[in-house]
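A short reminder: the numbers here are calculations on the coordinates, not readings from a lab. The structure presented is a predicted model; accordingly, all values stated were derived computationally and were not measured. Cβ placement follows ideal geometry from the backbone for every residue including glycine, while neighbour counts extend to all protein chains displayed.
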Amino acid sequence: MTQHLEDLLSGRNVVDLLRNSPTGPNVYPGVPSEFTNWRDEQQAWQQTCVLFNQTYHMAELTVAGPDALRLLSSLGVNSFATTAVDKAKQFIPCTPDGYVVGDVILFHLAEQEFNLVGRAPVLNWVTYHAQTGGYDVQLEFDQRTALRSDGRRRSFRFQVQGPNAMDVIRRLLGREPPELKFFNMTMVTIAGRAVRALRHGMAGQPGWELFGAFDDGDAVREAILAAGAELGLRQVGGRAYSSNALESAWIPSPLPAIYSGEALRAYREWLPAAGYEGSASIGGSFVSSSIEDYYFTPWDLGYGHIVKFDHDFIGRESLERMAAAGPHRHKVTLALDEDDVTAAIATMFGKRDRAKFIDFPSAVYSMHPYDAVLAEGMTVGISTWIGYSANEGRMLTLAVVDAEHAEPGTEVTLLWGEEGGGTAKPTVEPHVQREIRATVAPAPYVETVRRSYAPDGWRAARV
């Protein structure tokens, strides 16, 4: 008999269950940890260009049929008024209470065909509503490599990003690349293979995402490497890849807000206990007895401007109330104090009172990091992603903080490490908590990324 998520949660404290889950941070199968070294790989995405191989670590869901657009519009907080073939968008569904289930990229491939790419919670949410809502759609789920044994995927997926990216694309095509607006797509031919190109900018630099039939991946990758050989192109390994979010300010891992509420009981009874949601782990110094305190709103994640009330969707009424209530928490970057970080690292050279180990470049040790951000001893926010940027020479975190503490330059404190010596996760060793001073900065932190959204930049205004 299949156990479902609701069975797993029944009679248990959800927070304790997720905080002690043995699941570690996301892994990147199919890609070496490092091709050269992660420092050079990080710097290449700001100084020359890089090849990100995203073929293996994300799940995909194809939604096709007469009701595909109606289904997606009923779930996404985004407007679908300008949806058209060869356009993509960030797709963000919420629960009836207005909390985020997750976010993925939605590709409009054909008149009645869409592809969603990202982490499983959103794909599960769409699948459930497709199957239970009476929609005339066909679904095709393509599981990520870590959870399959055949070593195959439906598609290869590469990104070419960085200052030299468009020169690489120019050589790759043997002609001037077509002009594409952000998140628009076109078809091109690479190494004799049909490839779809998406205008993207993951590292805050111009570039394309390229995808096509899985069996064509090797030939396309070799062609990219040849085109970039004289332009400083580097392949990015798994160690550096996850740290890219620190510079682009995308929070990769919001906890799906589905663990509570009677309205979602039927969904939890549908979800398998052994799936993503039942295996998820929470780590960090933020601790609450209520799982709802781990949920995020679209505004928390910097998606408030994406929420559009021009269509009916699940969670609309709750989000309308949130929009009117304000003020909302803000997504920010925290630049950690170098002396405090090095002091925490220095405890590794003693035999007692060691801090939680700080790994480089990514210091994330659970699927969903939650570290407390303090001001005058009170929790004023949550750090959600932490790591080191060789480009900035800083340890950075992405955080969600109260509006009154969101102004750049505000001094706060990151509480690093878990209470009581640590939870039962195998990635957590006995340690003591450390307070690390931090300065609030904009998100994105990196100047080149911010300039793609705000040309003057916050640093330029301070010169």
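Quick look at the numbers
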quantity	calculated
Debye-sum result for the chain in log10 I(q)/I(0), which assumes one identical scatterer on each alpha carbon, at q = 0.10, 0.12, 0.13, 0.14 Å⁻¹	-0.75, -1.12, -1.33, -1.55
Neighbour-count ranking [beta-carbon atoms within 10 angstrom, fewest first] of M187, M58, M395	M187, M58, M395
Loop-exposed GluC sites (Glu not before Pro) per DSSP, neighbour cap 12 Cβ within 10 angstrom, longest uninterrupted part of the chain	180-375
Helical mean residue ellipticity (222 nm; -39500 (n - 2.57) per DSSP H run of 4+; nearest 500) of the chain	-6000 deg cm²/dmol
Stretch gain in nm, segment A263-L225, where the contour uses 0.36 nm per residue and the Cα spacing is subtracted	8.7 nm
Listed residues V137, G217, L334: farthest to the positive end of the dipole of the chain (Cβ charges)	G217
Among G201, S288, T347 the positive-end extreme of the charge dipole of the chain (Cβ point charges)	G201
Tail fraction, Cα-Cα pairs, the stretch 280-462, threshold 28 Å, whole percent	29 percent
Selection of trypsin sites (Lys or Arg not before Pro), the stretch 96-180, meeting DSSP coil and at most 11 other Cβ within 10 Å	R152, R175
For the stretch 1-79: span of alpha carbons on each principal axis (Å, largest first)	50, 42, 26
Relative exposure of K351, K425, judged by other C-beta atoms within 10 Å (fewest first)	K351, K425
Average projection area in nm² (convex hull over Cα atoms of the stretch 243-357, one quarter of hull surface)	11.2 nm²
Gained length - F360 relative to S33, 0.36 nm times residue gap less alpha-carbon distance	116.5 nm
Estimated dipole of the chain in Debye, rounded to 20 [Cβ of Lys and Arg +1, of Asp and Glu -1, Cα centre]	860 debye
Charge dipole magnitude, Cβ of K and R +1, D and E -1 - the stretch 280-462, Cα centre, debye nearest 20	440 debye
Efficiency of FRET from Cβ geometry, E140 and E419, R₀ 56 Å, rounded to 0.05	0.80
Relative compactness, the stretch 86-131, computed as alpha-carbon Rg over 2.2 N^0.38 Å	1.16
Once exposed loop chymotrypsin sites (Phe, Trp or Tyr not before Pro) are cut out (DSSP; at most 14 other Cβ, 10 Å), longest piece of the chain	1-181
Cα pair count fraction exceeding 23 Å, expressed as % - the stretch 184-322	59 percent
Label-point gap, in nm, between F214 and T132 - each point 7 angstrom along Cα→Cβ	3.0 nm
Derived scalar couplings ³J(HN,Hα) [the stretch 220-237; Karplus, 6.51 cos²θ - 1.76 cosθ + 1.60; whole Hz; x for Gly, Pro]	5, 4, 4, 5, 5, 4, 5, 5, x, 4, 8, 10, x, 5, 10, 7, 9, x
Unit charges at the beta carbon, dipole of the chain: most positive-side option, V400, T379, F156	F156
Spacing of the two label points (7 Å from each Cα toward its C-beta) at E338 and D310, in nm	4.8 nm
Solution diffusion estimate, µm²/s, Stokes-Einstein, the stretch 123-201, Kirkwood Rh from C-alpha pairs, 25 °C, viscosity 0.890 mPa s	155 µm²/s
Over the stretch 370-433: Kirkwood hydrodynamic radius from C-alpha pairwise inverse distances, Å	13.1 Å
Kirkwood hydrodynamic radius over Cα pairs of the stretch 82-173, then Stokes diffusion coefficient at 20 °C and 1.002 mPa s, in µm²/s	135 µm²/s
